[in-house]
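Read-outs throughout are calculated quantities, based only on the coordinates presented, and are distinct from any laboratory measurement. As the structure is a prediction and not an experimental result, all values here were calculated from the model. Cβ sites come from the backbone with ideal geometry, for glycine too, and all protein chains shown count toward neighbours.
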Amino acid sequence: MDAETCLKKFGYIGVLAFATVDERGGPQIRNISAIHYEADAMYFFTARGKDFCRQLEKNGKVQVLGYTRYKEMIRLSGKAVAVPQGEQKKWMDVIFEEQPYLANVYPGDTRGIGIVFAIRDAEIEYFNLGVSPIFRESYSLGKGKISEKGYRITGSCIGCGACAGVCPQRCIEQGMPYRIQPQHCLHCGSCAEHCPADAVVRL
């Protein structure tokens, strides 16, 4: 699995949830399928008059979520930037060709109210609940940075094994200190809640 494969899986899903934050700090989510994928970027179309467009133009921060039929969750967190004016028509035409239904929504020249954004720098998180143990991993798209998440067992571990006994995925290995296998961790926090030595820290 890698960032490019995750983008391909997004394409198979089709309709994705795009999340932004409004001017009052509230979450805003909408489903979008007017998307085109390149190996290193995601392009998408919206109308300039929409709240979504204004939110993107303000700071560009967006999170995109997709879920496959195979219980795979893919989350992209990055910055959306409007494509340069000289390239707007090119990418708009590509998106409309790949998504014929858009001609019914924006017939003829009315597509001119639209704007194409691109996400080139992002963190992509892949999370597969359909395997046992579960599998998760993060990837960089462009200059996107991977943020450390989950839990880690520190040197304060006393070796009692309480954490391993309560882990739903049995992903904690014995040792001094015990070790969490991050690729199989749910991030549920059960190990931290049950550690008598407070040796488990949240990243």
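If the condition is being in contact with a helix residue (DSSP H, G or I) (Cβ under 7 Å, 6 or more places away or on another chain) and either in a helix (DSSP H, G or I) or free of Cβ contacts under 8 Å to residues at least 40 places away in the same chain (or both), then the stretch 83-94 contributes only Met92. Quick one: is Gly114 over 24 Å from Pro168 (Cβ atoms) and buried (at least 17 other Cβ atoms within 10 Å of the Cβ)? Yes.
One residue stands out in the stretch 38-70 among those that are touching a residue at least 60 places away in the same chain (Cβ under 8 Å) and among the aliphatic types (A, V, I, L, M): the one that is farthest from Thr20 (Cα to Cα), namely Ala41.
The residues of the stretch 141-163 that are more than 30 Å from Gly78 (Cβ to Cβ), crowded, with 18+ Cβ neighbours inside 10 Å and out of contact with any Pro (no Cβ under 7 Å at 6 or more places or on another chain) amount to a single one, Cys163. Does Phe18 satisfy being surrounded by 14 or more Cβ atoms within 10 Å (Cβ to Cβ) and outside any helix (DSSP H, G or I)? Considered against the rule, which asks whether it is surrounded by 14 or more Cβ atoms within 10 Å (Cβ to Cβ) and outside any helix (DSSP H, G or I), Phe18 comes out as yes. Consider the stretch 132-150 and keep the residues that are without any contact (Cβ under 8 Å) to a residue 60 or more places away in the chain and within 19 Å of Lys9 (Cα to Cα). The one that is nearest to the chain's Cα centre (by Cα) is Ser138.
No other residue among Val81, Val105, Val64 is surrounded by 13 or more Cβ atoms within 10 Å (Cβ to Cβ), more than 23 Å from the chain's Cα centre (by Cα) and aliphatic (A, V, I, L, M) apart from Val105.
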